[in-house]
Each structure stands twice: as structure tokens, then as C-alpha cells.
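Chemist: Below is the structure I would like to discuss, written out as C-alpha cells.
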Amino acid sequence: MLARYSSPLLRKNNNPSSPSRFLKIWLGLIVAVLSLVLPMNVLANGGTPIYNGDTGNFNVYLLISPSPPVPTVPAHLTMIITKKGTDTPVTAATVLVEPTMPSMAMPETGGQRFIQTPSRPNQYDVDVPVTMEGEWTFKLTITDPQYGTTSFTANAKVEKPDAPWPIIIAILIVLPVLAGLTWFFLFRGGNSKDDDDEDEEDDEDEDQGKGLREVKVGK
């Protein structure tokens, strides 16, 4: 009777791979860091006022963000409107904005409409593309069925975005460390494990070879 022999090459290793887990963690960290570097749109509630005063029958408080605005991110405008000389909120207005650069000839677009904020009916918001550096003028028009129509302008300077130096420095420091750890786990650690597995397989082959019986084939 022949003894059944299973080759060590066919044996499945059920142990989880620590290099694989480490690689997944490293990739997750890289994605998290890159998400911080990518430009983000900042809410205008924390922006900079570019107009604050009376115009027509309205009192207007206008904010812009990010501050300063940059070409890579649309400028977010927030307008809070009250009746002139009072705290009465103006909740039925239609607000339009038309961005232009005084230094360049730009076609009239008819303006972009602000969106009313449901939780604060006298707050109106809009995102305005500002694709070039320089001085921009925002022509704004407010129309209300009760208080009439008025127009005014506000100015802002679009500047080149600053490089996120703290994040860049952190990446330059952390990535080499992660690369070194990855090399250790994937190559040195993997090679040591392979050597141990090969030694164990050789020992098992010798033991099983001694136990095999010689089989004669009869005519």
C-alpha cells in the first residue's frame, strides 16, 4: 500500500500577510494626505467682507471666500440683506452677480443668480468662477417686489494660491520613512519568511522520503 504524499508546494498558507496589511495602511495614509493638499472650497461665513453698507432701500453685508480668492477655486459670495435702517430681513429678493475684470474686455453674461439659504431666508449664496489673477469687479443687482431694485459693485483681488508648505514638508519627511518600512516588510521580512519556509519544506521532504515504501511493479 502506497503512502499518500502531498507536496509542500501545494500546501496553502492560511496566515495573513503582514506586508499586505502594511501596504494597505500606507496607501490609506497617502490618500488622506493628498486629500489635504487638494484645494477645498471654504464656506463664506468665515470669509472676508467686501461690502457693508446701504444701497437703495437695502442694507447689504457681502462676504467672499476663500480669502484672498484664488483662480483654482470659485469665489463663494454670501450676501445678507436687511431693510435699510432696520433689522427687517429681506426674504423675497432676487440677487444677481456679474463678475468682470476691468483690465480685460469680457462679454456680458446677464449675471449668476444667488441661491437663498432655507435656514436663513435673508442670506443668499453663489459660487463665481474667477479663473485669472488680478482685480475683479462684481456687479450686483438686488430686486425685491416690495423695496424695488438697486445695483452696486464690490471689488476683490484674485491672487496666486500659497503653497501648503507645512504639508509639503511633512510629506517629504514621512514618505521616506514609510518607503523604508515598506521595503523592510516587503523584501527583507518576506525573504526571511521564504527562507524559513524553504527550510521547513526541506525537512518535511526528508522525513516523508524516509517513510515512502518502494513499490515493485509486477508483470
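No lab work stands behind these numbers, since they all come straight from the coordinates. Treat the numbers as computed from the prediction; the structure is a model and nothing was measured. Using ideal geometry, Cβ is built from the backbone for each residue, glycine included, and neighbour counts are taken over all protein chains shown.
Chemist: Dipole of the range 44-158, Cα-centred, from +1 at each Lys and Arg C-beta and -1 at each Asp and Glu C-beta, to the nearest 20 debye? Can you show the working numbers first?
Modeler: Values: 6 positive and 9 negative charges, 38 e Å.
About 180 debye.
Chemist: For the range 44-158, what's the relative contact order in percent, using C-alpha pairs closer than 8 Å and at least 6 residues apart?
Modeler: 28 percent
Chemist: One quarter of the convex hull surface, Cα atoms only: what value does that give for the range 44-158 in nm²?
Modeler: That works out to 6.8 nm², a quarter of the Cα hull's surface.
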